[in-house]
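Asker: Pasting a structure below so you can have a look.
The values are calculated or read from the model by the stated rules, or taken from the named source; none is laboratory data. Source: prediction; values computed, not measured. We place every Cβ from the backbone using ideal geometry, glycine too, and count neighbours over all the protein chains shown. Calculation scope for accessible area: heavy atoms of the full protein, side chains included, ligands and nucleic acids excluded. Shrake-Rupley method; radii C 1.70, N 1.55, O 1.52, S 1.80 Å.
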Amino acid sequence: MIEALSAVEWAAYPYFPDKSLLFAKMDATIFSILAPFSPAFLIILLYTWVPELAVSFDNKFSKRLKTYFNWLAQSLSYLRHRIPSDSVHRFALTDRPRLLLGLAVVMAALLGLVPYRPELNPAMTPVGVDAHYYIDWANAMLQRSPEGAFSYALGSASFGSRPLLLIPIYLVVASGVVTTVRAVEFLPAVLGPLLVLSTFLFVREGQQSERLAGVASLFSAFSFNATVGMWAGSYANWLALAEAYLFLAFLLGFFRTASISKYVILAALSLGILLTYPWIWAMVLTIAAVFVVSVWRDARKTILVKPLLLLLAINIVVDAAKSLLFGGPVATQDVSSSLSTSSVSQSLGFWPNIISALFVYFDGLLGNAVLLGFSLIAMLYVRFRDKFERLLTSWIVIVSLLLPLYGGGGQARFLYVLPFPVVTTIGLLIVIRPIGNKTLHSNLALVLIFLLSANYALRAATNLVAAPF
């Protein structure tokens, strides 16, 4: 009840009769009480693969480790056996997954418009740390001829790292539909639904379940990607992540049934990520490579190895051609400059860096213990045998290996690209799965977590332009 009334207060602010926002304050208090658990939850979910890997070896050390962690292994085994394969079908809220998807799309769009409600932001001042860069780049494109504008986006604007976002902004503004400022202000309302749709398709392809995908799409609408994306103005990151989910969805589909059409789409999506944000492009191709190599190692099937190598070659050629024709560094140079801040010595300050990443950078928006807690449970449950779970594990492992080499700011960037909406959904459905015929409590728990996530997102979006308390 508290969470529902809190969501109503946030949605109606500042017109709600009770100006004190009693229930919203209670929700914020709950959030702040749980927040200190976030660092521990994050570390465990990132490194749960380490003891599991150690136990998998057949040596004296692994046998001793199995003995020491036998109680944990038994607990996890007990947990897994109690999850029916059809448990997600017993949630009344998942009966119409496409309705959930539609609701998530609408909620994501509305959330993106919250900071630009006239009563909250009467001057319609752009929010987002990097928003002004996009306005400046788009204005610079408008001052050139169409050919010059495209050349500028591909070569000079941000070293040619995000033309696939800048060119659509330019085309919309050049058509006279909206001003540059308005086009940039509407980006969150467009990028949010795009991420929701791509998350839905990714989970549906990976789990072969629209029900699970529908739940994941709702969490995507209220995820770190939305809140941090609006706060930081990380629009290219946001779009590239949506493209990444689509790319990985088609990668899984290609693995199941290889076809030329799927491969063409894969190539187009990989180039799209490259032209949207090279840093995420490098991350996604690394994840794909680790996944493909692990599959090849187990099955010795080259169904994905050769196509992935060809895909990488295509991307390198296109990137080199873009650099030669329009100037600017190639993607590897851009990524290398981003990675240059890494240092082994940073691992000595790993704990304070984690604290900084969660509670200092991005205004502390990553310190959400609810989402991190359910994600932790998911990582305790997922197994490497399932291809979709193997892909998620590869994603987590890569980030966990890189994280100790960076300070708080670098860690925050890596955490932003983790698939939290997906693993949060898996963890949630593990915890609140219906037992026997008792589905009412499970459905109420699902609603409660949705409301907690909605309140978190609404509070974050509102605080960008107003500080009710």
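Asker: Does segment 265-284 include one or more residues that are polar (S, T, N, Q), at negative phi and open to solvent by 10 Å² or more (accessible area, probe 1.4 Å)?
Answerer: No, that holds for no residue.
Asker: Consider segment 127-157. How many of its residues are in a loop (DSSP other than H, G, I, E, B) and either more than 16 Å from Thr276 (Cβ to Cβ) or of a type in the set (Lys, Arg) (or both)?
Answerer: Going through segment 127-157 one residue at a time, the tally reaches 7.
Asker: Here is a further query. Look through Ala236, Ala249, Ala213 and report the one residue that is in a helix (DSSP H, G or I), closer than 18 Å to Leu165 by Cβ and of a type outside the set (Phe, Trp, Tyr).
Answerer: Ala236 is the lone residue from the list that is in a helix (DSSP H, G or I), closer than 18 Å to Leu165 by Cβ and of a type outside the set (Phe, Trp, Tyr).
Asker: Identify the single condition in (1) in a helix (DSSP H, G or I); (2) open to solvent by 10 Å² or more (accessible area, probe 1.4 Å); (3) more than 26 Å from Trp279 (Cα to Cα) that Arg385 does not satisfy, given that it satisfies every other one.
Answerer: (1)
Asker: What pairs come up if the first residue lies in segment 213-226 and is open to solvent by 10 Å² or more (accessible area, probe 1.4 Å), the second is of a type in the set (Ser, Thr, Tyr), and their beta carbons are under 7 Å apart, counting only those six or more places apart or on different chains?
Answerer: Note: pairs meeting the criteria are Phe222/Ser453; Phe222/Tyr456.
Asker: Of Leu42, Leu110, Leu5, Leu46, which residue is part of a helix (DSSP H, G or I), open to solvent by 70 Å² or more (accessible area, probe 1.4 Å) and at pLDDT 80 or above?
Answerer: On inspection, the qualifying residue turns out to be Leu110.
Asker: Looking only at segment 72-104, which residues are open to solvent by 40 Å² or more (accessible area, probe 1.4 Å) and modelled with pLDDT of 95 or more?
Answerer: Once the filter is applied, which keeps residues that are open to solvent by 40 Å² or more (accessible area, probe 1.4 Å) and modelled with pLDDT of 95 or more, segment 72-104 yields only Leu103.
Asker: So the check is Cβ under 8 Å with 6+ separation or different chains; which pairs have a first residue in segment 252-277 that's in contact (Cβ under 8 Å) with a residue 12 or more places away in the chain and over 17 Å from Ile167 (Cα atoms) and a second one that's crowded, with 17+ Cβ neighbours inside 10 Å and among the acidic types (Asp, Glu)?
Answerer: If the second residue must be crowded, with 17+ Cβ neighbours inside 10 Å and among the acidic types (Asp, Glu), the pairs left are Leu252/Glu205; Gly253/Glu205.
Asker: Quick check on my filter: what residues within segment 271-299 are out of contact with any Ser or Thr (no Cβ under 7 Å at 6 or more places or on another chain), assigned to a helix (DSSP H, G or I) and of a type in the set (Val, Ile, Thr)?
Answerer: Ile273, Ile280, Val284, Thr286, Val292, Val293, Val295
Asker: What are the residue pairs meeting all of these: first residue in segment 43-54, first residue on the phi > 0 side of the Ramachandran plot, second residue among the charged types (D, E, K, R), Cβ atoms under 6 Å, and 6 or more apart or on different chains?
Answerer: none
Asker: How many of the residues making up segment 218-262 are under 14 Å from Leu308 (Cα atoms), modelled with pLDDT of 95 or more and of a type in the set (Ser, Thr, Tyr)?
Answerer: 0
Asker: Separate question: Could you tell me whether segment 397-410 includes any residue that is part of a helix (DSSP H, G or I), of a type in the set (Phe, Trp, Tyr), out of contact with any Lys or Arg (no Cβ under 7 Å at 6 or more places or on another chain) and in contact (Cβ under 8 Å) with a residue 24 or more places away in the chain?
Answerer: no
Asker: What number of residues within segment 105-128 are hydroxyl-bearing (Ser, Thr, Tyr) and under 15 Å from Ser453 (Cα atoms)?
Answerer: Final tally of qualifying residues: 0.
Asker: Among the numbered conditions (1) closer than 25 Å to Leu239 by Cβ; (2) modelled with pLDDT of 95 or more; (3) open to solvent by 60 Å² or more (accessible area, probe 1.4 Å); (4) not charged (D, E, K, R), tell me where Ser340 comes up short.
Answerer: (2)
Asker: From the list Arg162, Arg182, Arg144, which residue is open to solvent by 20 Å² or more (accessible area, probe 1.4 Å), charged (D, E, K, R) and closer than 21 Å to Leu464 by Cα?
Answerer: Arg182 is the lone residue from the list that is open to solvent by 20 Å² or more (accessible area, probe 1.4 Å), charged (D, E, K, R) and closer than 21 Å to Leu464 by Cα.
Asker: When segment 137-162 is examined, which residues are found to be of a type outside the set (Gly, Ala, Ser) and in contact with a helix residue (DSSP H, G or I) (Cβ under 9 Å, 6 or more places away or on another chain)?
Answerer: Trp137, Asn139, Met141, Leu142, Gln143, Arg144, Pro146, Phe150, Tyr152, Leu154, Phe159, Arg162
Asker: I'd like the full set of residues that are open to solvent by 30 Å² or more (accessible area, probe 1.4 Å) and at positive phi, limited to segment 350-382.
Answerer: Those that are open to solvent by 30 Å² or more (accessible area, probe 1.4 Å) and at positive phi: Phe362, Asp363.
Asker: Looking only at helices (runs of 4 or more DSSP H) that fall completely inside segment 163-210, which ones have 3 or more residues that are within 28 Å of His132 (Cβ to Cβ), touching a residue at least 40 places away in the same chain (Cβ under 8 Å) and under 20 Å from the mean Cα position of the chain (by Cα)?
Answerer: 187-207
Asker: Could you give every pair whose Cβ atoms fall below 7 Å, whose first residue belongs to segment 117-137 and is in contact (Cβ under 8 Å) with a residue 12 or more places away in the chain, and whose second residue is surrounded by 12 or more Cβ atoms within 10 Å (Cβ to Cβ) and among the polar types (S, T, N, Q), counting only separations of at least 6 or pairs across chains?
Answerer: That search, which allows pairs on different chains as well, returns Leu120/Thr462; Asp130/Ser234; Ile135/Thr180; Trp137/Ser158.
Asker: Let me ask you something else. Could you tell me which numbered condition Val318 fails, if it satisfies all but one of (1) within 23 Å of Val399 (Cα to Cα); (2) in contact (Cβ under 8 Å) with a residue 40 or more places away in the chain?
Answerer: (1)
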